[in-house]
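The values are calculated or read from the model by the stated rules, or taken from the named source; none is laboratory data. From a predicted model like this one, the values you see are computed outputs, not experimental measurements. We place every Cβ from the backbone using ideal geometry, glycine too, and count neighbours over all the protein chains shown. The area values use the complete protein model at the heavy-atom level, side chains included, leaving out ligands, DNA and RNA. Shrake-Rupley method; radii C 1.70, N 1.55, O 1.52, S 1.80 Å.
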Amino acid sequence: MVDCLSRLYIFDEAQKLIDDYEKYNPPSPVMYMAILSGARNSHQQILSKKIYDRMKILFPDEKETLKSGSILLSNTYSSVGDYQEAANIRLNRIKKLGTKFNQEYHGQNSREFKANDRSHPQSKEIHAKAKYISDVLIKYGYDYDSSWITRPLDEDETIESVLRTHSEQLAIAYHFVQQENPKFIQITKNLRVCGNCHLVSNKMPEKVLDLFDQMNIQPDQFVLSTLFSACARLANDRAKETGRKLLDQMPKHFHNDNVLLTSAIYMLMKFGDIENAENLFQMMKKKDIITYGAIMKGYVENKMYDKALDLFEQIPFALQNTSYTIIFNACAQLANDRAKEIGRKLFHQMPKHFHNNNVLLTSAIDMLMKFGDVETAENLFQMMKKKDIITYGAIMKGYVENNMNDKALDLFEQMPLNPNNVIHIIVFNACAELANDRAKEIGRKLLHQMPKHFHNDIILLNSAIDMLMKFGDVENAENLFQMMKKKDIITYGAMIKRYVKNNMYDKALDLFEQMPLNPNNVIYIIVFNACAQILNDRGEEIGRKLLHQMPKHFHNDNVLLTSAIDMLMRFGDVQSAEKLFRTIKKKDIVLYGAMMNGYNINNEPLKCLQLLEEIKQHGFILDECVSTILINACARLGMISRCQLVIDQIPSYLYNNQCIRNSLIHMWGKAGFVENAQKIFQSIDNPDVVAYNAMIYVYGLNRMGLEAVDLYRKMPHHLRNEVTYVCVLNGCSHSGLLDEAHSIFNESSQKNKQVITTMVDCLSRLYRFDEAQKLIDDYEKSNPPSSVMYMAMLSGARNSHQHILSKKIYDRMNILFPDEKETLKSGSILVGNTYSSVGDYQEAVNIRSKRIRELGTKVKPGVSWTEFNGEILEFKANDRRHPQSEEIHAKAKYISDVLIKYGYNYDSSWITRPLRDGETIESVLCTHSEQLAIAYHFVQQENPKFIQITKNLRICGNCLTYAFTLLDGVTKLIAKIWQCKIIVRDANGIHHFSPDGTCSCRDHF
């Protein structure tokens, strides 16, 4: 009973039992030894000394008992850091009681081990394995308890190096040498297991709290320290409540116990309660290096790396190896200029005896790799005499993080050690990133040879699934997924994410709906992305439902909300996206980028540009992504002055960014400012394929087909790709360059769907319908029909007023593409317009009625934008919304009258419906949106010299003629009369109308 009470540190009760016993019996040394052992465990050196002095009086002849008591007493002093007194007790014991005492050993299968034993034939491997086990424990957060060190450390020793070579740990290591993954180990020890070794073997913090709840005693320092450690490891609601309550009720005289307060600080840090941990730290009068280490480690674990470095710079003590490791980790995570300076300086000044500490050197390698200083990390790795599996893992992981995946695989193949689970994960990740033939071979071989006991490691299997998915090996990834007995949310996330990356959106949504777990924020993001990409009724239903059911605490996750906004924008639900955007309190630049990109997707570039003002008000700096989105908005709007205004606000350093320059080429081209696009292209020393394609596209868009062909000829052959052929053939198509188109098409080795479609469009624009049909027929011999090819022919039939051919093509489309409602709707409009162009309004009405009945009424309205004095204005056909609409319509009528006076005849074939009462051909055509935009400029200026218009649909043939007006030598039409340059961009390209009455398209509408 005395032993029981002493183990629970109830010493008063234990002493009372002894006193009662001694009233009728002689004293028992065993009882006193029980109390002495309890005093050792609770680090109570004064009580320990008192008991031992009493034992010397009571049992002067029991030398062996006194010797054992002396050892416990000296160990108690050592546990509180008083090594001098411990040495004095030891010397006194040797002088009076002799040197011989029991050494610890472990017997196991006839194997015996003593502390730091080197007698076994495999001692080198056993000590190496003990070191490996120790490194793994440290990696998983284990802290060695220095209170179990019973003497001062030698210069080349560390707390870890002493405690890991206790006899029981060497016995455990022996089993791991004999078997890769032993399932059962039994050890017999002649002495008691030290507290450190006990904690390594039995991590049961919940049971510690259970036992405490059953105790009806006031805990002493040691019990409190144990409880604080248990609460720190758990860090759940119960642990937080218990730990804080214990700390609040802790007696004042315990506030001088550094060991206890350090464990309390560590606990609070684990709770994320930084403020109270800091307050407790500041309150401590005598801080040691372990206390500093506890709070610095807490800062690192709470991702407060700058605070860890601030405190490091205030430390008044020499650093321990663990201090170096903590600071290296903080510097690695920050990896900014300050961290690099501190980390490199600390590494350079590190004492030589630490150069044998693998844990420390491994953390230094990790730090250097995160700095991007691969060379120094490699040199340190090469310098290390004894490399273990964790060291190899650190440098291989560094290679992967620095996108040097081939080097990671090189080192893996040279590694003389068997890979552990961490190495498997790193190699799988490297193979996934490369996904080339070598990576596929290594990855599949490693997976095939993977030990069976790794098949229960979810993290490892998740990385294997990710690798297989990146290889495009969906079947084997699915098999591995099905084989897993325990799947966590990350497993489901890996599968769903890779389905999305492999464009298998339905499979992604299927698995999501089968998932038995509550989705975390990552799952929300992946599923929102899948719904955004699939863009069908099912995807929209799932996406909206998931967003509606999203827990409130996710409403602070900007990454998640960004993906939700992107999804809504891709649904075309701008209003809901705006509503969600307004609810977000802390917006970042990425969130603004998603919103702006959404406006671009929904053809609302003005709203995109308006957000730029908000960004500036918040003080956000434009990055590459948002700058590209802004440039794309300008490109969509196509107004030269607005383009210049916006790009002047983009940081100058981004102008050297190749992606930005390519976007600028595209933007200036879409704005019709070809000269600026050329300047940017010519400023690039070695244009890449994107730059060449962008410039060829710009020439084609601006009806400069000859220039497009010329640049194509100058482009290095190895750079040409599918996009190149599409761009140059488009240029030929819009400029009527049939011979050049034939030549380029015939020399193309990439005659895929897109290239053939572009050639069909070129032939159809020149009314070469038989040739176009032959291309389609040849294509369909080995491929499914393409609606885009038929739409190209249908557009050509409309331009050439061939209503019978138009009807024939459309009937064929109805058979081939019954489910493509939007395509059939557009085709129906073209067929109806073709019939109208030949005066058959009744058939046009019939076609329209059928379209409304079968396909719906919603048709995209024609809209034109123009800019004057920095203001963007929008016009629709016969628009009356503008405050000056009366003057604008009057000016349109005036311009029309002038044109008629100069001999212009309106083309009635562009009337798509029967005229109503009071209407004339002229009154209908002169109020098209682009004509009202031109009239607006003439209202604002008597004689405008430059007019720019952007139209969402293609410009009609009449308006094209109206704009450049080159008919039968008439010289006094708009461009000629007012000597005005007009740029009109429609859905197909850009028309540059010059004052000499010519158009850049050379009459190829």
- Message: 7 Å from Cα along Cα→Cβ at both residue 206 and residue 301: what's the point-to-point distance in nm?
- Response: 2.0 nm
- Task: Kindly state, to the nearest 0.05, the FRET efficiency for residue 128 paired with residue 353, given R0 = 22 Å and r defined as their beta-carbon distance.
- Result: 0.65
- Query: Can you give me the relative contact order of the chain as a percent, contacts being Cα pairs under 8 Å and 6 or more apart?
  - Reply: 4 percent
- Please give the FRET efficiency for residue 376 paired with residue 549, using the beta carbon to beta carbon distance and R0 = 56 Å, rounded to the nearest 0.05. 0.65
- Label point distance in nm, residue 94-residue 503, each placed 7 Å from Cα along Cα→Cβ: 8.0 nm
- Message: Below 8 Å between Cα atoms, with a sequence gap of 6+, how large is the relative contact order for the range 447-504 in percent?
- Response: 37 percent
- Give 825/945; 753/981; 340/679; 49/95; 893/945; 370/507 a once-over and call out the pairs whose C-alpha atoms are over 30 Å from each other. 825/945; 753/981; 340/679; 370/507
- Relative to the chain, whose Cα atoms define the longest principal axis, helix 521-534 and its Cα axis are tilted in degrees, nearest 10, by 20 degrees
- Rounded percent of accessible protein surface that carbon and sulfur make up, the range 430-503, 1.4 Å probe: 47 percent
- Here the gain from full extension of residue 768 to residue 289, 0.36 nm per residue of separation minus their alpha-carbon distance, amounts to 163.8 nm
- Query: For residue 583 and residue 812, FRET efficiency with R0 = 51 Å and r from the beta-carbon atoms, rounded to 0.05?
  - Reply: 0.55
- Item | Candidate aspartates and glutamates - alpha carbon under 14 Å from residue 452, same-chain residues fewer than 8 apart omitted | 180
- Could you give the length gained on full extension between residue 418 and residue 317, defined as 0.36 nm per residue of separation minus the Cα-Cα distance, in nm? 32.4 nm
- Message: Using each residue's phi in the range 801-815, evaluate 6.51 cos²θ - 1.76 cosθ + 1.60 at θ = phi - 60° and report the 3J(HN,Hα) Karplus result to the nearest Hz, with x for Gly and Pro.
- Response: 6, 9, 6, 5, 4, 4, 5, 4, 5, 5, 4, 5, 5, 4, 6
- Which value at 222 nm does the chain reach when only helices count, each DSSP H run of 4 or more adding -39,500 (n - 2.57), with the total divided by all residues and rounded to the nearest 500 deg cm²/dmol? -20000 deg cm²/dmol
- Task: Sticking to Cα atoms, compute the Rg of the range 302-383 to one decimal and its Dmax as the biggest Cα-Cα distance, whole number, in Å.
- Result: 11.9, 33
- Here the equivalent ellipsoid of the range 197-286, derived from its Cα gyration tensor, has semi-axes (largest first, whole Å) of 20, 15, 13
- Cα-projected label distance for residue 22 with residue 236, points at 7 Å along beta-carbon direction, nm: 4.6 nm
- What lysines could a cross-link reach from residue 545, if we take a straight Cα to Cα line under 17 Å and drop same-chain neighbours fewer than 8 places away? 579
- Going by alpha carbons, how many degrees (0 to 90, nearest 10) lie between the helix axis of 63-79 and the longest principal axis of the chain? 30 degrees
- Query: Of all accessible surface on the range 302-383 at a 1.4 Å probe, what whole percent is carbon and sulfur?
  - Reply: 48 percent
- Query: What is the gain in length, in nm to one decimal, between residue 854 and residue 739 on full extension, counting 0.36 nm per residue of separation less the C-alpha to C-alpha distance?
  - Reply: 37.2 nm
- Message: With the cut-off at 19 Å, tell me which of the pairs 297/397; 129/387; 470/497; 616/670; 240/585 have Cα atoms farther apart than that.
- Response: 297/397; 616/670; 240/585
- Query: Quick one: ranking 388, 777 by accessible area, 1.4 Å probe, largest first, what do you get?
  - Reply: 777, 388
- Item | Contact order relative to length of the range 694-827, as percent, for alpha carbon pairs under 8 angstrom and 6 or more apart | 18 percent
- Message: Considering all alpha-carbon pairs of the chain, what whole percent are spaced by more than 58 angstrom?
- Response: 35 percent
- Query: How large is the accessible surface per residue of the chain, computed with a 1.4 Å probe and reported in Å² as a whole number?
  - Reply: 49 Å²
- Task: In whole Hz, with x marking every Gly and Pro, tabulate ³J(HN,Hα) for the range 986-1000 from phi via Karplus 6.51 cos²θ - 1.76 cosθ + 1.60, θ = phi - 60°.
- Result: 10, 5, 9, x, 10, 10, 9, 9, 9, x, 8, x, 9, 10, 4
- Note on the structure: Of every hundred units of 1.4 Å-probe accessible area on the range 686-782, the number belonging to carbon and sulfur atoms, as a percent, is 51 percent
- Task: Specify which residue in the list 928, 577, 174 is farthest towards the positive end of the charge dipole of the chain, using unit charges on the beta carbon of Lys, Arg (+1) and Asp, Glu (-1), about the Cα centre.
- Result: 174
- Give me the angle, in degrees from 0 to 90, between the Cα long axis of helix 389-401 and the longest principal axis of the Cα atoms of the chain, rounded to the nearest 10. 20 degrees
